[in-house]
Amino acid sequence: MKALQELARKLLEDKTVSVVIGYEEGPHGVRPAFITKPDQADRLIFDPRCVHNLATFLSPRRSHLVTLGKKAVVVKGCDARAVAGLVRETQIKREDVVVIGVRCGGVTGDPMGDGKLTEKNVAPRCAVCDVREPKLADHLVGELPPAPPTPKGPDMVAKLDAMTPEERWAFWQKELERCVRCHACREVCPMCFCERCIADKSMPQWIESSAHPRANLSWQMTRVLHMAGRCVGCGECVRACPANIPLGLILKKVAAVVEERYGYRVSDDPSVPAPIGTYRLDDKQEFIL
Amino acid sequence: MSAKTLTQADLTSLVSDILAADKRVVAPSLVGIGPLEHIEYRPLHKAEDMVLDRGLPKRSIKEMFFPPTEVVFRWKQKKSDVAIDEIPTTFQQTVVIGALPCDAAAPGIVDRVMNWDYRDELWNGRREATTIVAMACDGGDKSCFCTAVGLGPESSKGADLLLTPVKAGYHVDVLTPKGEELVSKYSKRFGEAKSADEAKKYQEAARKKVEGNLSFDAPKMRAWLEGNFENEYWRTIALRCHGCGTCATMCPTCHCFDIVDENEGVLAGERRRNWDTCQTGKFTLHGSGHNPRHDQNARFRQRVTHKFAIYPGKFGEILCTGCGRCQRQCPGGMDLLEILGDIARMAGGAA
Amino acid sequence: MSATTTSEAKGFQPRIVAFVCNWCTYTGADLAGTSRLQMASIVRIIRLPCTGRIDPLFIIKAFERGADGVIVSGCHPADCHYTAGNYHARRRFAVAREIFDFMGIDPRRITFSWVSASEGGKWAEVVNDTTARVRELGPFTAYREMAARTA
Amino acid sequence: MNLYQPFLMRVDEIIDETVDTRTLKLSFQDPKVAEKFEFKAGQFGEYSVFGAGECTFCIASAPTRKGYIECSFKLVGRVTKAMRDLNVGDTMGFRGPYGNSFPLEQMYGKSLVFIAGGIGLAPVRCVIWNALDLRDKFKDVTIIYGARSVGDLVYKRELEEWSKRADVKLWQTVDPGGETKDWKGQIGFVPTIVEKAAPAAKDCYAVICGPPVMIKFTMPVLEKLGFGKDQIYTTLENRMKCGIGKCGRCNCGPVYVCKDGPVFTAREIAALPNDF
C-alpha cells in the first residue's frame, strides 16, 4: 500500500502522468479513485474488495476522461489483459499509459463487503487465475498474498454442455427474458470500445432495441461473438447487469472454444495477435462440408 | 383508517385466494441461478414463491406500471393504406404485496409527470388496476436514505395497506378505500389488530437505523442546484461513471423513455415505448451531431438536477425515494449519498 | 415431379435460407440449376460478396424471420476472390456455431460448406442434405414462438 | 386511442427544396379529424413513417391555410430516409399539435422582422404566411434569410413570391463562396445582413430560427440595434420523443421544451442553463 502511494505521488510530482487511476475507500466501500494531486496519493489502497477493472477507464470512448491527460492505471493481473487488449486493437498506445501492476491474492465480488475472501464470495475469475503478478506492468508493487480460496459449486458451463439443445434453450430463455436492454454490460466492458455499437445502428437495424425475447437473444449472442478472443473475463458486465443474467457463462464458454480451437488464451502481451481477425491455413474445419 | 392483524399463514392463503380469483399478484420472489440468485418483484405463480424476508428487491417496482418495453399500437399496411390496431388501456387487476415503502411511494411521485395536461393512459391504466400492499422496512443498510427525502422505513405513502412485521405475523394498517376493499373482500384472512404497539416499536427502531445515513434541507438544496449549473463541482462529478445507466434502470422514479418502431415481417409492425436513460450519450444527440450534454459529467449533473431541483420545481416532489439502489449497485462506485451530502454542505443546509 | 417430392410437399416444407458468396457458391448454384440437377426447391439464396461478409448475425436474423435452417457457403480455402475472406469466416463461424449450440440452437440446423463454381453437383447435395436434415428436425417452432413473444 | 397513437395522414404533394431537403404536404385521412384540427404558428408534431419511427418537426404551413399541413425535413437518419421514400398517396402518421406558439395577437399593429438560416426557415415560414394572410394587422414585414449556398436555399418558389410583393422586404443572402454567377442577393453571414437590413427596433418583433451558431451571433446584433429581450422570439429544437412532457428527453433546466416551448423569448432563453 505504502509503495503504491509513494509511486503514485512520484509519478504525479515529476509530471510523468496527470492522473493516477486506482482504488480508494469511499463512504460505502471501495471504489475507483482519480488522483490528480500528489498530496492525494495516500488515498490509494489495494485489498480484496478492489474488484473493478480500471482498464475500462482508458477507453478512448470516455471523453470526460480523455481530457484528464496522461494516465497511470492500477491493474491486477487479470485487468492487465484488458490494457493489453486495448493496445492490441490500437485503441490506446502503450506509451500513453503507465501501468502500475499490483500483486493480487484474489478479489471478492463485492466492493462494499468486509473484504474477507471466502469460498463463497471469491470472484469467479480468481479460481482460474494464472496472472497474480501482472507482466505488462511498468511498475510492480506489493507483496504477493496467498492464493485465493477456490470457489465451490457446480461448473455451470459443464452442466450446460451436458444438457440437450432443448434444455439449454429453455435455460437461456428463462435467463434472458429478464434483460431490459439497458446495455450496461456493454458500457462497463473494457473491450467494448466501438465508436458506434451495432446495437445502436438503425440503418439498417440489425438488432431491435426493445427488451423482448428475440431482441434480447440477438443482442446477447452478438455481444458474446464480438467478445470472442477479446473478453478478458473480468466479470464487470455481470456485476453491472441489473438483472443478474449469467453473462459470465457464455463468455467463459466462448473463451474455452477459442482456446480449444486456436490455442489462444487471452493474453497480457499486446503483440500476440487476437485469434479472431487472424487465421491459419490449417485451421480445423471439421464442421464444413 | 382501521388496523388489522395477518398471520404468516393467512398472508400465504390471502395470496392464494387472490390468485384463485384470476388476479395478478406481484411480490418479491427468487430469480436467477447460483451466486446470481436474487429477488425481484415478479408476478407469482403460487403463493409459496413469495419471499418477504430478503430486503429490497434488486430492481424497483416501477416495471409493474411502466414495463421495460411495451407496445403502444400495432399497424398493418396494405398498399398505400395503414390500419392501426389499438392497444387496450385496461389491465388485469393486480395486487402488489411486500413493496418496501421506498418502492410503494414512487408511482405516486411519477403520477405527476404522467398526468400534467396529457394523461398517459397506459401508466394510469396500470395504476388504477393495482392495489399496493406495502411492508414496513427494517431500516435497510448504509445506502438507504429514505428519511432524507421525507419518507421513511415505515412510510405509508402510496400504499393501500401497510404491513409491519410483528411476532404474530403482520400488523396491518388499512390506509385507503382500495385497501378497505381488499380487506373486506378477504375479511376471513384478517384478524383483530392486537399488535399496534409492537409495530410502532419496530417502525421506530427502523427509522433510527436509517436516519443517520443522510439528511439535508431540500429547499436549500434545490436553490443551490438551480443557481449552480456551471459550478466547478460538476466538472469532475462523474469521473468514475461508466454511463451504463444502471442507476436509472434500478431507480423507482426514473421514467424517461424512447419510442421506436419494429417490423413484423414487411407490412406490419408495432410502435413501442422502451426505457431510456439520460446517462447515455445517445439520449440527447441531435440529428445534426450536436449534443447538448456532450460528456458524462453533464449527464450526471442532469440526473441529480432533475431529481432534486427540476422535478420539485415543476411538480412539487423530489424525484427520489431514497432507496439507495443507484449507489448500492453502481459498478463504478458513484455515490449519490456522498454527492447529496456535498451539495447540502455547499448549500449550507447540512443537518 | 417424382412421386417422392409430391408426397414430401404434403408434409413439412422447411424454410431454408442460404447465404452464399458471389464468386464460387453462387455460380455453383447457378450451374446446378442450368444442369437441371434434382434438388429441393425451397432454399432462398442471398448472395453476398464473400463469406467474409457473412456475419453470424445474418443467421440469427434468418431464424428471427422464420427460417428452419440456414446454409452458409463460399469458396474453398485458397480460392477466395479476396485472398483470405473465407479463412476469416472459417474462424468466426467455428466459434459462432459452438455458441449457437450453447444457447440451445441445434447446430444441425446450420450447414457450412465450400462449393466452387464448378461444383453444381456438390451444391445440389448440400441443399438436399440440409433439407433432409432439417425436415427430420421439424419446424424451428421454438425460435418462431420466442420471436413472436412481444414482452 | 392512447396518447402515442398518431392520426393517419395522406401524402398529397412532394416538393423538393434542395438536394437533401424536401417538403411533404399532408392531409388527414379521417375527415372528422381534419375538420376539428387546429393549430397555432410555432407548434410542432411527431411525424412518423410506420416501420421506421417518429421524428419531431414543426408544422411548416400556416394555420390560416386549412385542410392540410406541411412538413419540411432534411435527410439525416432512419425516419427522414423513410419519409423520402414515400410517394404521393402513401400514408404517414402525425401526432400533434404540441407545444406553445408565437403570440401573434400580441404582435398586431407592430412591425415584424423574420430572420432565418438554412432549414430554420421552416418554422419561421409558418409565421410568415400566418402574418401575410393577416397582412393588414401588421406594419412593415421584413424577411432576412440566409443559407450556406444558393443550392441550400429552401422554399425557392415562395422566396420568389415574397420578393415580388410590395408589402414585404426580403433580403436573401448566402455565405461567401456559396453564390452562383447570376446570384442577385446578398453575400455574407446572416448577422452581418441583419445589421444593415433590420428595421427600427421600436414597435417591432423579431422571429429568429436557424443553426445555434447563427442565433448566437445574431442575438447581440439585434440587441445592439435596440431590440429588447422580450421583442425577440425563437424556437428551440431539442431532441424529443414523446412531445407531451413525459419522456424527459427535451428537458433543459426548469423547462420541458416540448410543453413549455418550443417558442421562447430571448429573455427566457438567457435564463435557461446552457444545456440545449
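Taken over chain B, the convex hull of the Cα atoms encloses 169 Å³ per residue.
Peptides D:56-62, C:14-20 ordered by packing proxy, namely the average of other Cβ atoms within 10 Å per residue, highest first: D:56-62, C:14-20.
Taking only the Cα atoms of segment D:185-276, the ratio Rg/Rh comes out at 1.02, with Rh defined as the Kirkwood radius. Among the trypsin sites (Lys or Arg not before Pro) within segment D:192-237, those in coil by DSSP and having at most 11 neighbouring Cβ atoms inside 10 Å are D:Lys202. Applying the criteria of a DSSP loop state and at most 16 other Cβ atoms within 10 Å to the GluC sites (Glu not before Pro) of segment A:125-193 yields A:Glu143.
With N the number of residues in segment B:1-125, Rg(Cα) / (2.2 N^0.38 Å) evaluates to 1.32. With θ taken as phi - 60° and the Karplus curve 6.51 cos²θ - 1.76 cosθ + 1.60 applied, the whole-hertz 3J(HN,Hα) list for segment B:41-56 is 6, 9, x, 8, 8, 9, 4, 5, 6, 6, 10, 9, 10, 10, x, 6 Hz, x standing for glycine and proline. For the protein assembly as shown, the C-alpha radius of gyration sits at 1.02 times the compact-globule guess of 2.2 N^0.38 Å, with N the residue count. Percent of Cα pairs in segment B:126-256 per distance bin of 10 Å, from zero to the largest separation: 10, 27, 32, 19, 9, 3, 0. Peptide packing for B:314-327, B:282-295 was compared via the average number of neighbouring C-beta atoms within 10 Å per residue; ordered from the highest value, the list is B:314-327, B:282-295. Separation of the alpha carbons by more than 24 angstrom is noted, of D:Lys156/D:Lys181; B:Lys58/B:Lys185; B:Lys142/D:Lys246, for B:Lys58/B:Lys185; B:Lys142/D:Lys246. What's the FRET efficiency of B:Asn291 with B:Ala9 using the Cβ-Cβ distance as r and R₀ = 45 Å, to the nearest 0.05? Efficiency computed from Cβ-Cβ geometry: 0.20.
Pairs of lysine residues in segment D:7-98 that meet both criteria, 8 or more places apart or on different chains and Cα atoms under 22 Å apart, total 9. First check a/c for segment A:30-149, with a ≥ b ≥ c the square roots of the eigenvalues of its C-alpha gyration tensor; if it is under 1.5, answer rounded, and if not, answer prolate when a/b is larger than b/c or oblate otherwise. The shape class here is prolate. Neighbouring Cβ atoms from other chains, within 10 Å of the Cβ of residues in A:129-140, number 0 on average. Pairwise alpha-carbon distances in chain C exceed 21 Å for 44% of all pairs.
Mean per-residue shielding of peptide A:25-38 is 4, counting Cβ atoms of other chains within 10 Å of each Cβ.
In sequence order, segment B:210-218 has phi-based couplings of 7, 3, x, 5, 6, 8, 8, 8, 4 Hz under the Karplus curve 6.51 cos²θ - 1.76 cosθ + 1.60, θ = phi - 60°, and Gly or Pro positions carry x. Note on B:289-298: average number of Cβ atoms from other chains within 10 Å of each residue's Cβ is 4. In segment A:1-92, which chymotrypsin sites (Phe, Trp or Tyr not before Pro) are in a loop and have at most 14 other Cβ atoms within 10 Å, using DSSP for the loop call? Taking segment A:1-92 and a limit of 14 other Cβ atoms within 10 Å, no loop chymotrypsin sites (Phe, Trp or Tyr not before Pro) are found. Label reach from B:Val51 (point 7 Å along Cα→C-beta): in segment B:1-35, amide nitrogens under 14 Å belong to B:27-35. For segment A:9-15, backbone phi angles converted through the Karplus equation (6.51, -1.76, 1.60; θ = phi - 60°) give residue-by-residue couplings of 4, 5, 4, 7, 5, 8, 6 Hz, Gly and Pro being listed as x. Averaging the Cα positions of each part gives two centres, and for segment A:225-248 and segment D:70-88 these lie 39 Å apart.
Within chain A, A:Cys50, A:Cys78, A:Cys104, A:Cys126, A:Cys129, A:Cys179, A:Cys182, A:Cys194, A:Cys197, A:Cys231, A:Cys234, A:Cys241 have no other Cys Cβ under 4.7 Å of their Cβ and so lack a disulfide-compatible partner by this rule. Between C:Thr141 and D:Lys110, the simple label model (points 7 Å from Cα in the Cβ direction) yields a spacing of 7.1 nm. At a Förster distance of 51 Å, what's the computed FRET efficiency of A:Val128 paired with B:Arg235, Cβ-Cβ distance as r, to 0.05? That gives a FRET efficiency of 0.80.
Counting only lysines at least 8 places from A:Lys70 when in the same chain, those with an alpha carbon closer than 24 Å to its own are A:Lys2, A:Lys10, A:Lys15, A:Lys37, A:Lys93, A:Lys135.
Taking label positions 7 Å along the Cα-Cβ direction at both A:Leu289 and C:Asn22, the computed distance is 2.5 nm, reported to one decimal. Based on alpha carbons, the Rg and Dmax found for segment A:156-262 are 13.7, 40 Å.
Summarising the label geometry, the points placed 7 Å from Cα in the beta-carbon direction at D:Asp136 and A:Lys152 lie 9.6 nm from one another. Of all the options C:Phe12, C:Phe100, C:Phe63, the one that moves most in a Gaussian network model of chain C with Cα springs shorter than 10 angstrom is C:Phe12.
The numbers here are math on the coordinates, done by the rules we state, and not lab data. Quantities reported herein were computed from a predicted structural model and do not represent experimental measurements. Quick reminder, even Gly has a Cβ in these numbers, built from the backbone with ideal geometry, and neighbours come from all protein chains shown.
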